[in-house]
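Notes follow once the structure below has been shown.
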Amino acid sequence: MRRKGDGDVSVDEILGQVLRNAVWERLDMLSELATRADAPSLLSVARSELPKLTEGWRAMLAAHEPDERGNCPECSSRWRQQKSPCAVWRAAYEHLVAGGLAPRPARHLRLGMNRRAVAGAH
């Protein structure tokens with residue numbers, strides 16, 4: 001569904017951007033707390049947020065479990081099959097198991113996106 005007069009921006013595109021901005025802001029806030037909070041505050045945040053983060057990872061990884069042919073059902077298309085492990089599983093391993101031995105800037109920063117500028121545009 002498209003709205004007239006908005007430069008042909010769909011409602012789905014706007015909602016998607018709002019959702020992405022909210023997630024990036026939440027991650028930024030958690031990173032900030034991890035580096036600056038005092039010990040009691042950090043413990044409280046860890047107890048409330050770690051279960052949410054682990055459940056989020058579990059849900060995302062479950063959606064990317066390989067099918068009976070070893071393909072990722074989420075990353076595959078009708079015309080191109082994506083063998084497992086897909087990029088989601090590789091990222092999970094890199095960040096959760098390998099410990100990010102060679103940290104890289106977040107994807108949205110590597111792409112040159114400025115979340116605050118994008119958020120201000122709406």
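The values are calculated or read from the model by the stated rules, or taken from the named source; none is laboratory data. Bear in mind the structure is a predicted one, so any value in this text is a computation, not a measurement. Positions of Cβ are generated from backbone atoms using ideal geometry, with glycine treated the same way; all protein chains shown enter the neighbour counts. In case anyone asks, the SASA skips ligands and DNA or RNA and just uses the protein heavy atoms, side chains included. Shrake-Rupley method; radii C 1.70, N 1.55, O 1.52, S 1.80 Å.
Scan segment 63-89 for residues that are open to solvent by less than 70 Å² (accessible area, probe 1.4 Å) and in a helix (DSSP H, G or I) and the total you get is 3.
Condition check: loosely packed, with under 10 Cβ neighbours inside 10 Å and at pLDDT below 95. Does Gly5 satisfy that? Yes.
Under the condition of being part of a helix (DSSP H, G or I) and open to solvent by less than 50 Å² (accessible area, probe 1.4 Å), the residues counted in segment 34-57 number 4. For segment 48-87, residues that are more than 19 Å from Val23 (Cα to Cα) and charged (D, E, K, R) total 8.
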